[in-house]
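Notes for the one structure printed next.
The values are calculated or read from the model by the stated rules, or taken from the named source; none is laboratory data. Predicted model only: the values in this text are computed from it and were never measured. Don't worry about glycine lacking a Cβ; one is built from the backbone with ideal geometry, like all the others, and counts go over all protein chains shown.
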Amino acid sequence: MTLLHTALAQHGKNPAPSERVFPAMSFQPVSLVRRPDRVVAAAPIVGARVELQLLTTLQCNLKCSYCSISEGDVLGSQGKVEYDIDTLHRFIETHLGAKDVYVTFYGGEPTLNRAFMEAVMWRYPHFRFQLQTNGTLLDDLPEWVLRRLDNILVSIDGGEQVTDGYRGRGIYRQVMRNVERVHARVGGSLTARMTWSSDEIDLAQIEALLDRFDYLYFQFVADHAYGDAALIRRKAVLDDLVARFFRDADALLPVIPLMGIVRNKLFPQLVDERHHGRAQCRVSSHILNVMPDGRIFPCPDLMHLPDMQMGDLTENWLVPSPLQQHPDMPCGRCEAQAWCRGNCMKNLWMGYVRKDEAWRSGITDPVCELVRHLGQAIDRHPVAEWYAALPDALQREILDCPVYDYVEIMP
């Protein structure tokens, strides 16, 4: 009997249903996928789901100082979408017809091209939809669009001082006003996507965001801001956050990385079911970032690199993602591999495959150190016993939170 089953028995609960305990087998058909210069025998999409991340524009109404899309002058390089809905439909029918397709509108600032968003939502009433936005134009969205959105990811950097420092004076209050105005009208959830770039972030700022949003996902930014003092500070905040997460036995602090790590530690087979042994950031398996000109890349942060292209919507071809686990990556020797599963693939590829030493030492390794520390902090708590004591509804939230589909899960 496992530690989890023992804890469940002590609290008078039955183990999770068998479909949660034993990983489902998935057989992927092998098909010939045509690229202009070659024919590839492969399944470009791994699994039954695919996230179609449509960049509605590469224009933005903010100038965040750390913006990853600005790498290689991508930001601002393309305006409105150059393909039409019929071309999009042809691509979906050819390559994604048998998949569970869900769409994320991305940018730039995607709401700057609201007409395209609305056209896609009208054409595909059965798809799920997510919007990733800076939140400044949220209150301009029509009522029916808000109702159709299953999740809205609102980019934020922490509290008011931190956010305004990166995004401009008054942006934090503007975004919070918009969140308050639309919250009750959103059909799904509102999730704060906190870009953890500042070492001034503390637990109080995170809790303040949780008061405004349904969930919070945080991600360590690739910004070379990981000196010794900054790492110590961030580890201390992670310790505080983990302690707060496990404080209550009848409530759940809806912080996605913590929820996901707890799930992965208790039910590792669920990671295999959902991600088929690939990275949870989805770039190796089932996310397609479609630029306004139709070119397709696995990771939105690497769209400036031609060798990362994996398809073209207008030319109607698609091949497997080039971002895959590589022998030079250190993940197989890492204590976190069982529950982290190799996030972030971009950082790992830049540091260990492309051999960018500055990236490896200044970003990849420090971020991996923080992720390991987060797992160690969680292990200092009685995870299985805490989970077993949760009400059934909160256990299901840990296992099957809908927001897992829309974020990288790991920070």
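Picking from residues in segment 338-364 that are in contact with a Lys or Arg (Cβ under 7 Å, 6 or more places away or on another chain) and either of a type outside the set (S, T, Y) or at pLDDT below 95 (or both), the one that is surrounded by the most Cβ atoms within 10 Å (Cβ to Cβ) is G351.
Could you go through segment 295-313 and let me know if any residue there is surrounded by fewer than 18 Cβ atoms within 10 Å (Cβ to Cβ) and in contact with a Ser or Thr (Cβ under 8 Å, 6 or more places away or on another chain). No. The residue list A184, A192, A222, A204 contains one member that is among the small types (G, A, S) and part of a loop (DSSP other than H, G, I, E, B), which is A222.
Out of all the residues in segment 261-315, which are within 23 Å of M329 (Cβ to Cβ), in contact with a strand residue (DSSP E or B) (Cβ under 9 Å, 6 or more places away or on another chain), outside any loop (DSSP other than H, G, I, E, B) and β-branched (V, I, T)? Within segment 261-315, I287 is the sole residue that qualifies. The residues on offer are E82, E93, and the sole one that is touching a residue at least 12 places away in the same chain (Cβ under 8 Å) and farther than 20 Å from S189 by Cβ is E82.
Within segment 314-330, no residue that is at positive phi and surrounded by fewer than 18 Cβ atoms within 10 Å (Cβ to Cβ) sits with its Cβ atom under 6 Å from a residue that is assigned to a loop (DSSP other than H, G, I, E, B) and not small (G, A, S) at 6+ positions apart or across chains. Among the residues making up segment 264-283, those that are charged (D, E, K, R) and either surrounded by fewer than 19 Cβ atoms within 10 Å (Cβ to Cβ) or within 11 Å of W339 (Cβ to Cβ) (or both) are K265, D272, E273.
Note on segment 372-401: residues that are over 18 Å from A243 (Cβ atoms) and either aromatic (F, W, Y) or in contact with a strand residue (DSSP E or B) (Cβ under 8 Å, 6 or more places away or on another chain) (or both) total 1. If I filter segment 184-202 down to residues being free of Cβ contacts under 8 Å to residues at least 40 places away in the same chain and more than 21 Å from the chain's Cα centre (by Cα), which single residue comes out as nearest to E51 (Cα to Cα)? The residue in question is A184.
Against the numbered list (1) surrounded by fewer than 22 Cβ atoms within 10 Å (Cβ to Cβ); (2) touching a helix residue (DSSP H, G or I) at 6+ places or on another chain (Cβ under 7 Å); (3) in contact (Cβ under 8 Å) with a residue 60 or more places away in the chain, M121 comes up short only at (3).
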